[in-house]
Amino acid sequence: MIEVRGLKKSIRNGARTVEILRGIDLTIPKGQFAAIMGASGSGKSTLLGLLAGLDSPSEGEVILDGVSIGSLEEDKLAEVRGRRIGFVFQSYQLIPTLTALENVMLPHELNAPGNARGRAEALLETVGLGDRLHHYPVQLSGGEQQRVALARAFVLEPPIVLADEPTGNLDSKNGQHVLELLMERQRESGTTLVMVTHDAQIAERADRKIHLRDGTIVADELQTAVRTETLR
């Protein structure tokens with residue numbers, strides 16, 4: 001589902017070149033939940049941005065669901081992002097002038113034909129917000145806003161969901177609730193989930209842990225058996 005070949009990213013800082021990613025090779029199969037870990041500055045958020053097509057690599061290739069995104073024109077790249085990728089951000093990224101229901105419906109309205117209202121209502125019901133459909137973000141708690149963002153990420157049933165510290169702004173109770181909902185949706189839909197996290201307990205729930213250090217992969221551990229035991 002996701003294939004990365006020789007991925008490098010560097011930026012110019014005055015006369016100096018800063019290497020953020022130093023050559024990443026990675027394959028994530030369909031339906032896998034992969035947690036990307038690493039200290040601040042290790043390159044994990046940069047890697048996620050490149051997987052999303054939000055930035056361009058200095059070298060290398062990103063292939064999403066069989067499509068090499070580096071050679072795509074911006075309109076085609078936007079189409080791939082809109083139809084094949086769902087996003088869950090640490091800071092929620094809800095549109096303040098839209099209700100919870102409208103925020104969830106928006107990706108469908110921008111990228112697909114038909115009316116998504118029924119599916120959006122069902123997703124909000126699934127994440128426990130069936131009575132908050134017409135509330136605006138300012139009327140919702142942080143945990144509720146992140147659950148709206150989670151429902152929005154799945155409204156188009158994308159094959160890939162990318163999550164950047166989705167529990168980082170939440171207390172432990174709300175963070176655990178959002179994680180459980182995210183994993184439940186991922187399992188039920190068969191989505192490939194890639195999550196950047198600094199939380200070792202969250203990473204233990206993933207099928208796979210990928211550790212970055214100084215822009216390279218230093219450990220890559222499959223732990224499906226551990227996750228299966230946790231879910232029993």
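Only residues that are assigned to a helix (DSSP H, G or I), surrounded by fewer than 17 Cβ atoms within 10 Å (Cβ to Cβ) and touching a helix residue (DSSP H, G or I) at 6+ places or on another chain (Cβ under 8 Å) were counted in segment 53-82, giving 2.
If you go through segment 128-175 and keep only what is without any contact (Cβ under 8 Å) to a residue 12 or more places away in the chain, farther than 22 Å from D199 by Cβ and not in a loop (DSSP other than H, G, I, E, B), you end up with just Q139. I need the full set of residues from segment 96-115 which are aliphatic (A, V, I, L, M) and either surrounded by 19 or more Cβ atoms within 10 Å (Cβ to Cβ) or closer than 22 Å to L179 by Cα (or both), in order please. Scanning segment 96-115 gives A100, L101, V104, M105. Among the residues of segment 176-217, the ones that are closer than 30 Å to I11 by Cα and either assigned to a helix (DSSP H, G or I) or not hydroxyl-bearing (S, T, Y) (or both) come to 17 in all.
What about E125, is it at pLDDT below 95 and either under 28 Å from A39 (Cα atoms) or not in a loop (DSSP other than H, G, I, E, B) (or both)? Steps first, please.
Numbers: at pLDDT below 95: no; either under 28 Å from A39 (Cα atoms) or not in a loop (DSSP other than H, G, I, E, B) (or both): yes.
Answer is no for this residue.
If the condition is being in a loop (DSSP other than H, G, I, E, B) and among the polar types (S, T, N, Q), then segment 24-45 contributes Q32, S40, S42.
Per this entry, I85 is not counted among residues that are under 21 Å from R5 (Cα atoms), touching a residue at least 12 places away in the same chain (Cβ under 8 Å), in contact with a helix residue (DSSP H, G or I) (Cβ under 8 Å, 6 or more places away or on another chain) and β-branched (V, I, T).
Just the residues that are buried (at least 16 other Cβ atoms within 10 Å of the Cβ) and either small (G, A, S) or touching a helix residue (DSSP H, G or I) at 6+ places or on another chain (Cβ under 8 Å) (or both), please, taken from segment 169-188. Within segment 169-188, N169, L170, N174, G175, H177, V178, L179, L181, L182, R185 qualify.
Residue check: V178 meets all listed conditions (1) touching a strand residue (DSSP E or B) at 6+ places or on another chain (Cβ under 9 Å); (2) touching a residue at least 60 places away in the same chain (Cβ under 8 Å); (3) within 24 Å of K30 (Cβ to Cβ) but one, namely (2).
Among the residues of segment 6-45 satisfying the criterion of being among the β-branched types (V, I, T) and modelled with pLDDT of 95 or more, which is surrounded by the fewest Cβ atoms within 10 Å (Cβ to Cβ)? If we take residues in segment 6-45 being among the β-branched types (V, I, T) and modelled with pLDDT of 95 or more, then T27 is surrounded by the fewest Cβ atoms within 10 Å (Cβ to Cβ).
The values are calculated or read from the model by the stated rules, or taken from the named source; none is laboratory data. Computed from a prediction, not measured in an experiment: that's the story for all the values here. We place every Cβ from the backbone using ideal geometry, glycine too, and count neighbours over all the protein chains shown.
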